[in-house]
Amino acid sequence: MALLSAATVVVVGLAACRPVPPGSTLRGLADARDGRVVGTSVEPAQFDRTADADLIAAQFSSVTPENAMKWVSVHPGPSTWDFAAADRIVEFAEAHGQRVRGHTLVWHRQNPAWLTGGTFTRDELIAVLHDHIATLVGRYRGRIAQWDVVNEAIADDGTLRDNLWLRGIGPDYIRLAFEFAHEADPDAALFINDYLIERGGAKAATLLWIVASLRSAGVPIDGVGYQTHALVPALMPTPEQFADEMRRFASRGLLVEITEMDVALHLPSDPAIDPQRQADAYGSSVMACLAVRECTGITVWNYSDAESWIPGEFPGFGEASIFDAALAPKPAFERMRQILWWDLRAR
Ligand code: G3I
């Protein structure tokens, strides 16, 4: 971020004056603030490494399967299901008092070949969608608190994204997905999730129109997920911009949550500047969430630099997480704790 707002400077300054009690965790500090959660994406293989499993259990009160509940993982054949990885994540969460965010029921990526290459009439594709959602959401009924029902439905220019669901069913696929999810678990909070919506613009405008239309039609949609992937720290909005944006949706009765936060650095990073800039960016999101009553929490996407998806998809960028590759806490982790702690003290 090029310029920190005055409020940011004041908050960070005060936080620095009052050290966080040693040993206090992200999950503990956030829970004390009206039950907010701090989560991370996870893969089951991480539970096999003691240090990783201990860190995930200690610091986070929510987990999101990074890949285990996507179509290609869980529904590899038309009538073939593989719940092994998803089950492990739900069981880990239950053993450690963590909430689960289900991710994701409708997306244009990570779909199996039988789905992307299949030929379906509209009614057949609706039946496929219904079967998938009824089976997956139904399996974890009462155990998964939130679902990302529809993910990344809007293209970067603000039009509806061209995907197999839009082509095969039409725009109604969004409504149907929410109705099917609600039918399978009436108590789960149902989210639409997207990126590049954190400071308004074309995508956020379309999203607002979609959710307003769905709600006025009585469709069971409960919240908006802000993925909050920043390829460099300067792309993160200020806390004020972000909070104002979340309020536009919260004022329509929606929950909001930061669902996939990470802040990548251009490599090689500059140790004199980049860790602090990254900490500012993570801190901005924490401040924004705390400023909006309807913001239920913050999930980071990949807790450590060793696990991050960024270098694979954006060569030349990385070090995006709040713990380094050896699981040592980075300034971004400390900043998140400081802001949560300061906020509690200030109330
Ligand atoms: O599972 C296969 C494995 O069998 C194969 O040998 C290997 C070879 O490349 O690929 C493995 O699949 C990879 C998968 O992650 C599991 O590791 C895919 O190639 C890889 O593309 C996939 O990347 C995931 C990405 O979504 C795909 O779009 C990332 O892990 C995951 O972090 C990322 O998550 C998305 C969210 O779901 C939605 N929002 C954006 C976010 C970042 O792209």
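For the reader, a short list of remarks on this structure follows.
Rundown of residues vs (1) outside any loop (DSSP other than H, G, I, E, B); (2) out of contact with any strand residue (DSSP E or B) (no Cβ under 8 Å at 6 or more places or on another chain); (3) closer than 17 Å to Ile197 by Cα; (4) polar (S, T, N, Q), yes/no style:
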residue: Leu208; (1), (2), (3), (4): yes, yes, yes, no
residue: Pro220; (1), (2), (3), (4): no, no, no, no
residue: Ala234; (1), (2), (3), (4): yes, yes, yes, no
residue: Leu290; (1), (2), (3), (4): yes, yes, no, no
residue: Ile298; (1), (2), (3), (4): yes, no, yes, no
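- Subset of the range 34-54 (residues that are more than 16 Å from the ligand (Cβ to nearest atom) and under 19 Å from the mean Cα position of the chain (by Cα)): Gly35, Arg36, Val37, Val38
- Residue count, the range 99-124 (criterion: free of Cβ contacts under 8 Å to residues at least 60 places away in the same chain and away from the ligand (no atom under 16 Å from the Cβ)): 9
- Residue check for Asp244: outside any loop (DSSP other than H, G, I, E, B), out of contact with any strand residue (DSSP E or B) (no Cβ under 7 Å at 6 or more places or on another chain) and either away from the ligand (no atom under 16 Å from the Cβ) or of a type in the set (Lys, Arg) (or both): yes
- Taken over the range 18-35, the residue count meeting the criterion of being surrounded by fewer than 22 Cβ atoms within 10 Å (Cβ to Cβ) and closer than 14 Å to Arg99 by Cβ is 2.
- Residue under evaluation Gln276, criteria (1) polar (S, T, N, Q); (2) more than 18 Å from Gly28 (Cα to Cα); (3) buried (at least 22 other Cβ atoms within 10 Å of the Cβ); (4) more than 16 Å from the ligand (Cβ to nearest atom), criterion not met: (3)
- Scoring Ser73 on the criteria (1) within 14 Å of the ligand (Cβ to nearest atom); (2) farther than 27 Å from Ile258 by Cβ leaves a single failure, condition (2).
- Residues that are in contact with a helix residue (DSSP H, G or I) (Cβ under 6 Å, 6 or more places away or on another chain) and not in a loop (DSSP other than H, G, I, E, B), drawn from the range 317-327: Phe317, Gly318
- Of the numbered criteria (1) more than 30 Å from Arg139 (Cβ to Cβ); (2) without any contact (Cβ under 8 Å) to a residue 24 or more places away in the chain, the one Gly218 fails is (1).
- A residue that is within 16 Å of the ligand (Cβ to nearest atom), part of a helix (DSSP H, G or I) and crowded, with 18+ Cβ neighbours inside 10 Å occurs nowhere in the range 328-338.
- Residue list for the range 60-95, filter: among the acidic types (Asp, Glu) and free of Cβ contacts under 8 Å to residues at least 40 places away in the same chain: Asp82, Asp87, Glu91
- Complete set of residues in the range 18-49 that are of a type in the set (S, T, N, Q) and outside any helix (DSSP H, G or I): Ser24, Thr25, Thr40, Ser41
- Within the range 181-201, being in a strand (DSSP E or B) and within 16 Å of the ligand (Cβ to nearest atom) holds for Phe191, Ile192, Asn193, Asp194, Glu198.
Readers should treat all values here as calculations from the given coordinates under stated rules, not as data from a laboratory. These numbers were taken from a predicted model, which means no experiment stands behind them. Positions of Cβ are backbone-derived with ideal geometry, glycine not excepted, and every protein chain shown enters the neighbour counts.
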